[in-house]
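The values are calculated or read from the model by the stated rules, or taken from the named source; none is laboratory data. Everything numeric here is computed off the predicted structure, so don't read it as measured data. We place every Cβ from the backbone using ideal geometry, glycine too, and count neighbours over all the protein chains shown. The protein model used for the area step is the full one, side chains on, heavy atoms only, and it has no ligands, DNA or RNA in it. Shrake-Rupley method; radii C 1.70, N 1.55, O 1.52, S 1.80 Å.
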Amino acid sequence: MIGGRTILRPSLGRIDVDAQVLFTENRAQTPMVMTARPGTESQGKLELLSVIGHQQLMP
């Protein structure tokens with residue numbers, strides 16, 4: 001399953017991603033892979049989010 005999604009982060013704003021849901025053989029887990037289109041502002045924000053994680057950014 002693939003679809004467009006929007007992540008809203010207070011520190012980064014709107015991040016547009018393509019999401020793909022994967023299923024394990026017994027469907028006990030359903031990991032989701034989110035990617036941004038190359039060269040977009042969303043790609044840069046998603047890369048930054050992968051580095052900062054749950055940290056709070058100071059204004």
Within-13-Å neighbourhood charge of THR35 [Cβ basis; K, R +1; D, E -1]: 0
Average accessible area per residue (Å²) across the chain - probe 1.4 Å, nucleic acids and ligands excluded: 81
Cα-projected label distance for ASP18 with VAL51, points at 7 Å along beta-carbon direction, nm: 2.5
With 5 Å bins from 0: P(r) over the chain, alpha-carbon pairs, percent: 4, 17, 23, 21, 16, 10, 6, 2, 0, 0
Calculated [θ] (222 nm, deg cm²/dmol) that DSSP helices of n ≥ 4 give over the chain, each run adding -39,500 (n - 2.57): -6500 deg cm²/dmol
Formal net charge of residues neighbouring GLY13 (Cβ-Cβ distance under 10 Å; K, R +1; D, E -1): +2
